[in-house]
Structure formats: C-alpha cells, structure tokens
1. On a 1.4 Å probe surface of the protein chains, which of MET360, MET169, MET178 comes out largest in accessible area, and what is the full order?
2. Sorted by mean Cβ packing within 10 Å, highest first, what order do the peptides 379-390, 118-129 take?
3. Going down the list LYS73/LYS183; LYS74/LYS128; LYS183/LYS345, which pairs span over 28 Å between their C-alpha atoms?
4. What does the accessible area of ILE215 come to, in Å² to the nearest 10, when a probe of 1.4 Å is used?
5. Roughly what would the spin-label model give for VAL27 and LYS183, points 7 Å off Cα along C-beta, in nm?
Amino acid sequence: MILSKTVSDSKVKSNRKHSKSFAIAIVLIIFMPFYYYFALLTHGIEASWPGNIIVSITLLIDIWMLYRICSVKKPLNGALGLFIAFFVSAIISYLVTLSGIHRILMFAMLLLGVLLFLRDPLHHNETKFLFWLFVAAVACILFRTAIGTEDAIASNKVNPNSGGFLLAMVFCLAWSMMFRERKVLFVIIGILCVGLQLVYNSRTALFGLLLFGFIDIVLRIRKKRFSFNSVFCIMIVLAIMGILIAVVYSQILYPLMGYGQVKIFGKDIFTGRQTIWDFTLKSIREHFWFGVGSRLNEQQFHEGYYELIMNAHNQPLGTLAACGIFVFVTFYFALAHILAQPYKKNSPNKYNRLPVVFFMVIMMMSYFDIYFMSLYNLLPILIAFSILAGTGNNTMIKREIKS
C-alpha cells in the first residue's frame with residue numbers, strides 16, 4: 001500500500017520562497033568584512049568621510065530592517081512601541097550631548113535585527129547556506145589577524161580579542177548545527193574554534209564559548225522552552241548585574257585587596273578595568289540623566305594622560321555612561337521584551353531556548369567588553385543570532401512525501 005501526502009502548488013511555492021530575514025542576513029555578512037577592512041585600512045572611522053560612509057550604511061540597513069518588520073503579517077505586541085520609546089530617548093540624549101549618533105544607529109540595528117529574525121526566521125536551507133557564508137567571511141577577516149599585536153590598527157591587522165570573538169560566534173553556530181545536522185564536519189569546526197582560542201588568548205571569547213556549551217548541556221536548550229516572564233526577567237537582571245559587577249570590582253574588591261596585584265594562575269585579576277570603571281562611575285554620577293556621548297572616550301582619567309577606554313569595557317556600564325539612564329532603561333527593556341515575545345503562549349513562532357541562551361552568554365561576556373556599540377562585535381552577533389533563530393524555531397516542520 002502506497003501512502004502519499006499531496007502538497008498543493010501554492011504551498012510548495014510558499015515553502016521555496018525566501019524568508020524576509022534572508023537578504024538582510026546576507027547583506028550583514030557582506031558588510032562585516034567590508035567594515036573590518038575599511039576601518040583598519042583607514043586607521044579607524046574617526047575621520048569624517050570614513051565615519052560618514054559607515055553611518056550611512058548603518059542607517060540604510062536600519063530603515064530596510066524596519067520596512068521588512070512592518071511587512072511581516074504577524075502581531076508586533078508592543079515591540080514597535082518600545083523601540084520608538086528607546087529611539088526618542090536616544091535622540092534626546094544626542095541633542096544634549098551632541099555626539100554619539102552612530103551609537104544610536106547601532107542600538108537600533110540590534111533591536112530591529114533581533115525583532116526581524118524572530119518574527120520571520122530563516123528557513124532550514126537558508127541557515128546552512130548562511131553558516132558557510134559566515135565562516136568564509138570570518139576566514140577572510142582572520143587572514144588579517146595579528147596574533148599578539150597590541151597596536152593592531154596601526155599595523156592594519158585585526159587584534160586577537162576581535163579574532164577570538166569571531167571564533168566564539170562560529171563555535172556557537174557549529175555547536176548548534178552539529179546537533180541538528182549530526183555531521184562530523186561541524187564537530188571539526190567547533191574543535192578548531194576552541195584550539196584557535198588558545199592561540200589568540202582571548203579570555204572573554206573562550207569564556208563565552210565554553211559557557212554556551214555548558215548551558216546547553218545543563219538546560220537542554222534545544223529540547224525545552226522558556227516562558228515570557230522568565231526570559232524578560234533574565235535579561236533585565238543580566239543588564240543590572242553588569243553595573244553591579246563594575247561597582248563591586250572597582251569600588252569594593254580593589255580597595256579591599258589593598259590596591260595591589262592579586263595573581264591567579266600567573267595573571268593579575270585587576271587588569272586595569274578597575275581604573276576605567278572607577279572613572280566611568282564618576283562620569284555617570286556627573287551625567288546621570290543623558291550621559292556624556294562620545295566624550296567618554298576623550299576624558300582624562302589617570303595621571304595626566306589620555307587613553308581610549310572603549311566605552312568602559314562593560315556594555316551596561318558604557319550604555320549608562322554614554323547615553324544616560326533613560327536610554328539604558330528603554331534599550332534593555334525593549335531588548336528583553338523582543339527576546340521574550342516568541343515565548344508567549346499565543347505566539348505564532350515556537351522557539352526552544354537556543355536564541356535566549358545565546359543572548360544570555362553575550363550579556364555575560366559584555367561585562368568585560370563592549371558589544372552593542374561597536375560594529376566589530378555587533379555585526380557578528382546579529383549574523384550568528386539570525387542563524388540560531390532559524391535553527392531554534394520549532395514551527396519549521398519539514399514536509400516529506402512518503403511512499
């Protein structure tokens with residue numbers, strides 16, 4: 001007896017149609033190596049004409065994302081309203097500080113990207129294609145990596161921390177694809193990413209990829225779902241924790257240890273961030289409501305010399321210092337709500353824990369670096385998230401014809 005399942009022509013056509021996220025994810029992957037090479041060859045984007053080009057491209061991508069989001073026939077459930085609240089508060093902060101427009105556009109890109117990739121996730125075949133395209137783009141960037149070189153921009157190279165972060169993103173994707181596709185090739189790629197981390201010596205990146213694998217094993221992230229409230233609360237708590245860690249580390253622990261060196265495994269746990277975070281916390285007290293904009297990088301903070309502090313080496317702290325309390329609250333509130341939406345009972349998309357756990361790891365890694373204010377990190381995060389959102393969507397059921 002032959003059993004068959006007939007699929008109408010219209011359904012087949014719909015199944016073959018690309019998702020609304022697909023083209024944008026491709027553009028982000030193309031934009032990523034362009035930005036890396038462009039920024040390095042022009043010694044950063046501080047000059048007016050390179051900066052204007054990057055800002056213009058970022059703005060165009062934001063507008064395109066917003067158009068795509070509005071064209072998806074699924075309820076927004078207040079997400080767009082929260083985005084508008086963030087954007088209005090960010091514009092007010094900009095008008096007060098007269099700096100930091102590129103940061104506003106990057107924050108907007110993150111929120112819009114997460115919203116789009118969750119509302120209309122990548123199809124099964126799209127995730128595999130984009131994974132290999134992303135790996136190829138990372139390989140092109142790492143070709144320019146200067147292992148152990150501190151002044152990477154001056155030598156037109158990618159520094160070890162950036163290279164390590166790219167490898168961490170590839171590892172998270174390879175880990176996920178390994179369990180879904182069950183192919184040895186993804187295992188090999190994951191092992192290579194771990195091995196190269198030991199060469200690049202990026203502690204934050206190594207911590208991130210190990211944490212992602214550990215949480216997957218403990219929480220069984222591909223087998224179970226979160227609830228809306230749990231996701232929302234987790235993200236808000238993680239944002240606040242970034243501030244608390246900086247306070248405890250610089251204001252309590254460092255003085256308690258006698259302002260000296262505390263070495264563990266041959267490395268001092270006080271790497272200089274205590275000075276940066278102490279300076280940033282003072283800046284927050286003086287500019288609590290609207291922040292200091294880009295001027296945070298230009299402040300004199302240690303014995304008469306200037307140094308870029310990369311937005312405080314702490315994403316929540318840097319957001320609060322640069323943009324003020326209103327942007328801090330509206331941004332993290334909007335991000336938490338957008339990530340939590342697919343876990344409502346009436347949500348058309350049913351996700352496992354994979355996308356949220358990925359952002360949990362990013363948030364914990366961001367306690368020691370800056371991710372949402374730098375295209376060096378933001379672009380890989382969004383690309384990786386788009387692929388993980390596709391692999392984590394449980395409503396994507398393969399149509400099979402049995403005979």
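1. Output order, biggest surface exposure first: MET178, MET360, MET169.
2. Descending packing order for the listed peptides: 379-390, 118-129.
3. Working: LYS73/LYS183 35 Å; LYS74/LYS128 25 Å; LYS183/LYS345 33 Å.
Checking Cα-Cα distances, LYS73/LYS183; LYS183/LYS345 exceed 28 Å.
4. 20 Å²
5. The modelled label-to-label distance comes out at 2.9 nm.
The values are calculated or read from the model by the stated rules, or taken from the named source; none is laboratory data. Since we're looking at a predicted model, the values are computed, not measured. Cβ atoms come from the backbone with ideal geometry, glycine included; neighbour counts cover every protein chain shown. Keep in mind that these areas ignore ligands, DNA and RNA; they rest on the heavy atoms of the full protein, side chains included. Shrake-Rupley method; radii C 1.70, N 1.55, O 1.52, S 1.80 Å.
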